[in-house]
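Since every read-out is calculated from the coordinates, none of them should be taken as a lab result. Quick caveat: nothing in here was measured; it's all calculated off a predicted structure. Backbone-built Cβ (ideal geometry, glycine too); neighbour counts: all protein chains shown.
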Amino acid sequence: MGLFSLFTREIAIDLGTANTVILHDNKVVVDEPSIIAIDSRTKSVVAVGKKALMMEGKTSGEIYTVRPLRNGVIADFQPTELMLREFIKMTNTKHSLITPAMKMVICIPSGITEVEERAVRESAEQAGAKEVRLIYEPMAAAIGSGIDVLDANGNMIIDIGGGTSEVAVIALGSIASKKSVQVAGDRLNTDIKEFMRREHNLDIGIPTAEQIKINVGAAVTHLDNPPADYEVYGRDLVHGIPRSIMINYQEIATALNNSINSIEDAVMQALNVTPPELSADIFKTGIYLAGGGSLLRGLDKRINKITQLPVHVVEDPLRAVARGTAIALKNLDKFESLTKY
Ligand code: ADP
Ligand code: MG
């Protein structure tokens, strides 16, 4: 280990709307939901990540939870800063006495404004970063998916996160065409919540909707390996008392249909504005699906059906962006032009 690396800690951060993943030395040191619980009297942090998530929908009085990045943008500057700072603290596992200088590459959504970009950068600096570089999410997702982004050969990557679905065509180290929609995992959860209310008179919270999506979520009404039906607990809207019902994946596929259509539209629009030479490349290589949303059962099949292109769900899609950010950090000489100060 060189003297430099002794005193400089290099970390890669995927600041996602749903999850924040931090890598240090090729290891995942933080993988937490992007949520913070704050005491409104003192403006102090009560909990972050998983601990704060457990409080979501259950807080009362002075303590409240916030997901500061909700729509893929920094909706709220202060909680973002507090959250980022807590997560960065978690990376200091050795509790070293000297605080090392930190160098960071942070992945940000491509639709972010300059003001929001500055907010992320300032949060990182407040949290102790001496050098901060930013990289756009589709680029990081592509690198983390094993795509050679510097090659002339074009590739299409779709990153479906919590707040946004981002479609991008990448070649020669730049984004040739892109389309971003605010329809992703969070929207699917509200679709499920509304469906349960409308069709079953059952009031459920967002955490329950998320569990339904993970257990019986689907993008198509026919699956070769269907998941077992799932028992959902909630509050009966007619009688006001707790009740449970069994739900199957076909109902959820119906509930999610409109939102999946919106994601498909974004993919088609991105394909429509892709230069012909790159179109020809994508015809051969197909489409790569990353982000937690790509785990939805049958989504690959559905995108394949509408585009007639091969669709690959990348390995460990929830961590593809963090992986790509870490690769960019480790190989800054090679990927320098893809990041910005
Ligand atoms: P972000 O980059 O916005 O933080 P992620 O890539 O971490 O988002 O993905 C989080 C989203 O993926 C959440 O909306 C979550 O509900 C969704 N998700 C995670 N696992 C699954 C699954 N098995 N099926 C469907 N959606 C999932
Ligand atoms: Mg992401």
* Derived scalar couplings ³J(HN,Hα) [the range 167-177; Karplus, 6.51 cos²θ - 1.76 cosθ + 1.60; whole Hz; x for Gly, Pro] -> 10, 9, 10, 10, 7, 6, x, 9, 8, 7, 8
* Under a 5 Å amide H to amide H cut-off, with H placed in plane at 1.01 Å, what residues pair with Ile106 once short-range neighbours are removed? -> Ile13, Arg133, Leu134, Ile135
* Using 0.36 nm per residue of separation minus the Cα-Cα distance, give me the extension gain between Gln126 and Ile206 in nm, one decimal. => 25.6 nm
* If you build the Cα gyration tensor of the range 63-203 and take the root of 5 times each eigenvalue, what three semi-axes come out, in whole angstrom, biggest first? -> 29, 26, 13
* In whole angstrom, and with the biggest value first, how far do the Cα coordinates of the range 1-70 range along each principal axis? -> 51, 24, 17
* Taking the Cα centre of the range 110-251 as origin and charging only Cβ (+1 Lys, Arg; -1 Asp, Glu), how large is the dipole, in debye to the nearest 20? -> 200
* To do: Counting other Cβ atoms within 10 Å, keep those with at most 13, restrict to DSSP loop, and tell me which trypsin sites (Lys or Arg not before Pro) in the range 81-167 are left.
  => Lys94
* Quick one: if you stick a label point 7 Å off each Cα along the C-beta vector at Asn26 and Leu332, how many nm between them? -> 2.0
* Just how far, in whole angstrom, is the range 118-154 from the range 224-292 if you go by their alpha carbon centroids? -> 27
* To do: Using the Cα centre as the reference, give the magnitude of the dipole from point charges on the C-beta atoms of the chain (Lys, Arg: +1; Asp, Glu: -1; all else neutral), rounded to the nearest 20 debye.
  => 560
* To do: Collect residues whose amide H, placed 1.01 Å from N in the peptide plane, falls under 5 Å from the amide H of Val46; neighbours closer than 5 in sequence don't count.
  => Ala37, Ile38, Asp39
* Starting from the Cα-Cα distance between Leu237 and Phe283, subtract it from 0.36 nm times their residue separation and give me the gain in nm to one decimal. => 11.6 nm
* Per-selection Rg to Rh, the range 130-183 - Cα, Kirkwood hydrodynamic radius -> 1.00
* Name the residues whose placed amide hydrogens come within less than 5 Å of the amide hydrogen of Glu10, ignoring near sequence neighbours (fewer than 5 apart) on the same chain. => Lys103
* To do: Just the number, please: percent antiparallel of the DSSP beta bridges in the chain, rounded to the nearest 5.
  => 65
* Calculated FRET efficiency, Lys51 and Glu114, Cβ-Cβ r, R0 22 Å, to nearest 0.05? -> 0.10
* In sequence order, calculated HN-Hα J values of the range 241-250 (Karplus, 6.51, -1.76, 1.60; Hz; x Gly/Pro) -> 10, x, 8, 10, 9, 8, 10, 10, 5, 5
* Using the alpha carbon gyration tensor of the chain, what are the three equivalent-ellipsoid semi-axes (square root of 5 times each eigenvalue), largest first, in whole Å? -> 33, 29, 15
* Asked: Can you list the trypsin sites (Lys or Arg not before Pro) in the range 23-70 that are in a DSSP coil and have 13 or fewer other beta carbons within 10 angstrom?
  -> Arg41, Lys43, Lys58
* **Rounded D (µm²/s) - the range 156-232, Kirkwood Rh over Cα pairs, Stokes-Einstein at 4 °C, 1.567 mPa s** => 90
* For the pair Ala101 and Asn225, how long in nm is the line joining their label points, each one 7 Å along Cα→Cβ? -> 5.0
* At most 16 other Cβ atoms within 10 Å and a DSSP loop assignment: could you name the GluC sites (Glu not before Pro) in the range 235-325 that fit? => Glu315
* Asked: If you average 1/r over every pair of different alpha-carbon atoms in the range 82-154 and take one over that average, what Kirkwood value in Å do you get?
  -> 14.0
